[in-house]
Structure formats: structure tokens, C-alpha cells
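Everything below concerns the one structure shown next.
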Amino acid sequence: MRVFKGSFTQQEPIPQEAIEAATEVMRSGRLHRYNTAPGETAEAALLEAEYAAYQGAKYCLACTSGGATMAFALRAAGVAPGEAVLTNAFTLAPVPGAIAAVGARPVFVETTDNLTIDLDDLAAKAQSSGASILLLSHMRGHLVDMDALAKVLADHNITLIEDCAHTMGATWNGTKSGNFGLAGCFSTQTYKHMNSGEGGFLTSDDPAFMARAIMLSGSYMLYERHGAAPPAEAFTDARLNTPNMSARMDNLRAAILRPQLRTLDSAIARWNARYQAVEAVLKGTPGVKVPVRPREEFYVGSSFQFLAPGISEAAANALLAGCAARGVELKWFGAKDPVGFTSNHQSWRYVDPQALPQTDRVLAGLFDMRLPLTFSVEDCELIAAIIKEELERVLQPA
Ligand SMILES: *Cc1c(COP(=O)(O)O)cnc(C)c1O
């Protein structure tokens, strides 16, 4: 029996150029973004300008985490304590966490078999909750039909904030994810598309919103030393009316990220080659459904999902165990108890319990794995072959 020997949590090393840039920052001792020598522009400010250019957004703010950018976005958008905020039922814990951070109430929207937000349920819940904001998680990199979404948002007068933790570099009909609404939120945490350990970007074209976000991030009165900030006039109102919630990115992390941004597009091409190698094998497996990738979507295949609709708990556990014994670490979203990074809406007990039968049904058959770039395309073919064999074994009619 063939066995896989790689590690699903091993990312590539930080590039040499980034290590040298980081070493330079450490030698200088000027790690704080506002600690600069005369005439020097901080690494954090340079990174903001470069990410804004990559994203095609007017403004960019670098923060300490993706979760921080979402909480700042919600607060800068005017979300008040107690207010309902629409979001996906299928997402990662920092998303409802960001809503809770501003004292608001997540209203979860159902999930389709393609792992995207259900637009009919969104319309229904927009109506029933009276929410004015959707914090949309492009969970695991699956973009909903953004044209159909725009119509629902317009019909219900809803402002969009995008969680692009898994779609940095992805596009819909040529427009980058993160550019469809008021703001885009990105993460540079180790398992995302750029790696600074922790970190995040908030992007927007709205000057007053961005001025509030920059003040929230803890800019004191040094907002003119940002790399992609609105002009000083935009801060007239925000500068004395916005609390400082200290979550600035430092120059060390910025130095590590700048060289990675330059190779992001080639990293995306490498991820997609790996994704497509897995997809080619699993697509034809009986009993298995691989998410459809619409023609309008350019995705980043940094992780892979498949569904075994209707799989029993015993068979799911047998699949996890069979794969694990052969070195393939699958995650299952149907587990009763949250494991590792994987949890679902039932484990967020600070939120009012909500009935989400469709999402529960989808998650009960949903399996997931990372595809780090330390895997070769051949590794991915082997992983997929192992999953296919184990699936055939556990799904065999008794
Ligand atoms: C990682 C992630 C985030 C942000 O995470 P941080 O660890 O706070 O940077 C947000 N949404 C999703 C879906 C994520 O996977």
C-alpha cells in the first residue's frame, strides 16, 4: 500500500531576500512602524503602498492579523453594539469572532453544495434581520456568483465587507476579490497566501472609512506616515473621535512580506497546478462531489475540498483513519467536537444558536486538506490516489 510522507502543515521557508530584509530591520532596531530614521520610509508603509497597487485599491492598512482587519472594518463601517451582521455559517472562527469583537450579533446564512453563501437564504435573512452589513467569507477560496450577489445586496441595501483570507489574488470576471464592496480583509498568517506568522491587510477606496480604520489600528497622530492612506483632510473627523485599538503591523513582518508579494502570482500558479492534480483524480470517484469552479472564477487552490454527501459518521471516521494511516491528513467538518482549526457554527456558543439544516447537511459530508507548496504535483497525485482508494473502501456497499 502506498503511503505519503510529507507534512500538511509545512510551508515553504521564508525566501532568502526576505530573511535579509528582516535581518536589516533587526540590525537597525527600528521595528515599530513609526520609528524611522530621517528620510526613511518604514517597511510597513512601503508594504501598504505595494499591496494597494497589487490589489488595485486606493487605500491599504497593514495590521497584526486578519481578524483585526475584520473587526476594524466592521467598526469603521459604523456597526453598533447589538446590531445584526450577516455572515456565512461556513467560515473560520475569527469571522464570527470579529463580529463579536464589536459587540454585534452574527446572523448566519446557509451554505450551498459548492461551499458558497446561499443567496436565497441571504435575501431572506437580510429581510428578516434588518442587517445592513454582510461580512462575506470566501471560505476555502470558493467565490459565490458575485454578479448575483451584487443584485441581492442592492435589493436589500446591504454593504459588503469581504473576508479574503483564502482569496488573496483570486478574481471574479477579472475583478480581484476584495474589490467588490466597501472593504477587503486579508490575512498573512502562516497558512494563508503570504506568511509573516501573523498579519493582515484592510483595503478600501473609501477615504472616510479608511481614516477611521487607520485611527482604530493605533496610528496616534502619525497617519500621514502610512503608505496608502487617504489625504490628511479625510482624518478631520476621525482623528479625535476614534479609539486607538493598537493592532499595527511592525517593520519586521512587513520586511518579510514585501519579497513574498513579488512572487505571489507565481505561487498562485503553483498552488493551482497542485489543486488541479488532486481534482483530476477525485472528480471521477463514485459517491464524491468536487465543488464546481465557475468559468468567471479565478481561484487560488491553496486547499482542497470534496464532499461525500450522505456519508455516515462511521464511514467518515473510517476514511479519516484510513487516510491518516497512509500519511494523508484529512479534516472533516462534520465532527461533533471541533478539532484543530476546524470548527462549525455549533461550537460558537457565544452566538445565539441558529438552525442551519442545509449547512449542517453540507458540512456532514465535507472533507478538507491544505496543499502547501512544499508538496510537489506528484505528491498531490499520490495524496489524491490514496484518498480515492480509501473512499472506495469505506463507501463500498456492505
Ligand atoms: C485565517 C482566516 C481569517 C483571519 O485569520 P487571522 O488568523 O486572524 O489572520 C479570516 N477568515 C478566514 C476564513 C480564515 O481562514
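Overview of values
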{"item": "Helices (runs of 4 or more DSSP H) enclosed by region 1-94 - at least 2 residues per element that are more than 28 Å from residue 343 (Cα to Cα)", "result": "16-28, 43-55"}
{"item": "Any hit, region 372-393, residues being assigned by TED's automatic domain parsing to the domain that holds residue 319 and under 19 Å from the mean Cα position of the chain (by Cα)", "result": "yes"}
{"item": "Among (1) in contact (Cβ under 8 Å) with a residue 24 or more places away in the chain; (2) surrounded by fewer than 21 Cβ atoms within 10 Å (Cβ to Cβ); (3) more than 21 Å from the chain's Cα centre (by Cα), the one test that residue 283 misses", "result": "(1)"}
{"item": "Any chance residue 247 is closer than 30 Å to residue 296 by Cβ, in contact with a helix residue (DSSP H, G or I) (Cβ under 6 Å, 6 or more places away or on another chain) and within 16 Å of the ligand (Cβ to nearest atom)", "result": "no"}
{"item": "Answer from 183, 211 - the residue that is away from the ligand (no atom under 16 Å from the Cβ) and either buried (at least 23 other Cβ atoms within 10 Å of the Cβ) or among the aliphatic types (A, V, I, L, M) (or both)", "result": "211"}
{"item": "Condition check for residue 117: under 15 Å from residue 185 (Cα atoms) and without any contact (Cβ under 8 Å) to a residue 60 or more places away in the chain", "result": "no"}
{"item": "Filter result (away from the ligand (no atom under 16 Å from the Cβ) and hydroxyl-bearing (Ser, Thr, Tyr)) within region 43-83", "result": "54, 59"}
{"item": "Residue within region 144-156 that is in the same structural domain as residue 211 (by TED's automatic domain parsing), over 28 Å from residue 256 (Cβ atoms), under 16 Å from the mean Cα position of the chain (by Cα) and buried (at least 19 other Cβ atoms within 10 Å of the Cβ) present", "result": "yes"}
{"item": "Residue list for region 209-236, restricted to those being within 29 Å of the chain's Cα centre (by Cα), aliphatic (A, V, I, L, M) and not in a loop (DSSP other than H, G, I, E, B)", "result": "210, 211, 213, 214, 215, 216, 228, 234"}
{"item": "Selected residue [among the small types (Gly, Ala, Ser) and within 16 Å of the ligand (Cβ to nearest atom)] from 124, 165", "result": "165"}
{"item": "Count - residues of region 350-368 that are in a loop (DSSP other than H, G, I, E, B) and crowded, with 20+ Cβ neighbours inside 10 Å", "result": "2"}
{"item": "Meets criteria (more than 16 Å from the ligand (Cβ to nearest atom) and touching a helix residue (DSSP H, G or I) at 6+ places or on another chain (Cβ under 9 Å)) for residue 147", "result": "no"}
{"item": "Qualifying residue in region 327-338 (condition: out of contact with any Pro (no Cβ under 8 Å at 6 or more places or on another chain), under 30 Å from residue 81 (Cβ atoms) and surrounded by fewer than 17 Cβ atoms within 10 Å (Cβ to Cβ))", "result": "yes"}
{"item": "Members of region 244-301 that are at pLDDT 95 or above and of a type in the set (Val, Ile, Thr)", "result": "256, 263, 268, 278, 281, 288, 290, 292, 300"}
{"item": "Output for region 237-251, where each listed residue is surrounded by fewer than 22 Cβ atoms within 10 Å (Cβ to Cβ) and in a helix (DSSP H, G or I)", "result": "239, 240, 241"}
{"item": "Count of region 294-339 residues which are in contact (Cβ under 8 Å) with a residue 60 or more places away in the chain and among the basic types (Lys, Arg)", "result": "1"}
{"item": "Scan of region 335-349 for residues that are modelled with pLDDT of 80 or more and either farther than 15 Å from residue 360 by Cβ or in a loop (DSSP other than H, G, I, E, B) (or both), ordered by number", "result": "335, 344, 348, 349"}
{"item": "Hits in region 69-98 (condition: more than 18 Å from residue 136 (Cβ to Cβ) and either touching a residue at least 24 places away in the same chain (Cβ under 8 Å) or of a type in the set (Val, Ile, Thr) (or both))", "result": "80"}
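The values are calculated or read from the model by the stated rules, or taken from the named source; none is laboratory data. The structure presented is a predicted model; accordingly, all values stated were derived computationally and were not measured. Note: ideal-geometry Cβ built from the backbone for every residue, glycine included; neighbour counts use all protein chains shown.
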